[in-house]
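Data first, discussion second: the structure below is written as structure tokens.
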Amino acid sequence: MKVQTTSDQLLFSTIRIEITTDRGEVGVGTGCIVTKKIDAHQSAIFLVTNKHVIEGANTGRMFFLKKENDNPVLGYKLDVYFNNFEKIWNIHKEADLAILPLLPILQKLKEQKDFDAFVKAISLDLVPTDEQVQDLDSLEEIIFIGYPIGLYDTKNLLPVIRRGITATPFFIDYEGEKKFLIDAAVFPGSSGSPVFVYNKGGYTDRNGNLIFVSDRIIFCGIISETYYYDYYGEIKNVKIPLQVKEKPITYSRQMINLGVVIKSTLIKEFIEQFLNNTIQ
């Protein structure tokens, strides 16, 4: 596969995270790959996910696709296993965020396995500036990438791209926190999925002006939560109703297609704080 377009590159901006707890519970989440410039010659690369994805994880597994001639070899992977998986992450004290420096893992693959991994990191330069934030409309089209209910292309080892709209304005902090809502089908496994405002070929700004560009892409954040609607239904027992002390009920849980997104500005702040502490 030749990776040429913006959409192509976004396919390789995530890593599937599989964890197992001490109780034997298995979970799947999404990690997104981001990069931060340190200076003119250096950059740091991180894997970002939610705190709840790796909490309680005894072991963890991720896989990387092989790179040949600057392109990915679809279906050719190398699994990487970790013990004490939760402890290798850097956890945000308040937000549902966790980061992991990725360069040591990629270097170890190269040195020990002679394996060049193909990844496309999301530059933190795509985090919107204050000017870009104010230019966003209350309703914007978004896409997000990940592994909903653990689903992915098991033959080619590619994630799933989904789409939706902003359900609350990005330029307003939902519930006073650095979050916003999206109207999209968000399922377990999508935790940690990167969310983008993505317009191909042009877009309309909040003043109604048509802006013609090659692509507009803004890194908005990562999915953290979804909402459920719980409801109960009565079951009537008509054969022996007098013997039923309490009515049995059914319990159902339905997703309402709303996702909570942690803003990329908070992710950028967390990574910058980590780098400042590390360099000092």
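Read the figures in this text as sums done on the coordinates, not as results from a lab. Predicted, not measured: the structure shown is a model, and the values here were computed from it. So basically every Cβ, Gly included, is an ideal-geometry build from the backbone, and we count neighbours across all protein chains shown.
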Fill in: Residues of type aspartates and glutamates that residue 113 reaches as a straight line, Cα spacing below 16 Å, ignoring anything fewer than 8 places off in the same chain
68, 79
Worksheet, complete the sentence: Of all stretches in the chain that avoid GluC sites (Glu not before Pro) placed in a DSSP loop and having at most 14 other Cβ atoms within 10 Å, the longest is 95-176
Worksheet item: Can you list, largest first and rounded to whole Å, the semi-axes you get for the chain by taking the square root of 5 times each eigenvalue of its Cα gyration tensor?
Response: 34, 26, 19
Worksheet item: Looking at the stretch 123-181, which trypsin sites (Lys or Arg not before Pro) are in a loop (DSSP not H, G, I, E or B) and have at most 11 other Cβ atoms within 10 Å?
Response: 155
Worksheet, complete the sentence: If each K or R counts +1 and each D or E counts -1, the residues other than residue 274 whose Cβ falls under 14 Å of its Cβ total +1
Worksheet item: If the cut-off is 22 Å between C-alpha atoms, which lysines fall inside it for residue 178, apart from same-chain ones fewer than 8 positions away?
Response: 36, 51, 93, 263, 268
Response to the item:
Share of Cα-Cα pairs in the stretch 7-54 beyond 17 Å, whole percent, is 49
Worksheet item: Taking springs between alpha-carbon atoms closer than 10 angstrom, which of 193, 13, 214 fluctuates most in the Gaussian network model of the chain?
Response: 214
Fill in: Label-point separation in nm, residue 61 to residue 155, each point 7 Å along Cα→Cβ
2.2
Item to complete: Show which lysines lie in cross-link reach of residue 2 when reach means a straight Cα distance below 16 angstrom and same-chain residues fewer than eight apart are skipped.
Response: 66, 67, 120
Worksheet, complete the sentence: Here the gain from full extension of residue 269 to residue 205, 0.36 nm per residue of separation minus their alpha-carbon distance, amounts to 20.4 nm
Worksheet item: What length, rounded to one decimal in nm, is gained on full extension from residue 123 through to residue 141, with 0.36 nm per residue of separation minus their alpha-carbon distance?
Response: 4.5 nm
Worksheet entry | the chain: relative contact order in percent, alpha carbon pairs under 8 Å with at least 6 residues between | 17
Discussion item. Test of understanding: in a Gaussian network model of the chain with alpha carbons linked when under 10 Å, which of 218, 267, 256 would top the mean-square fluctuation ranking?
Written reply: 256
Worksheet entry | Helix-derived mean residue ellipticity, 222 nm - over the chain, DSSP H n ≥ 4, -39500 (n - 2.57), to 500 | -4000 deg cm²/dmol
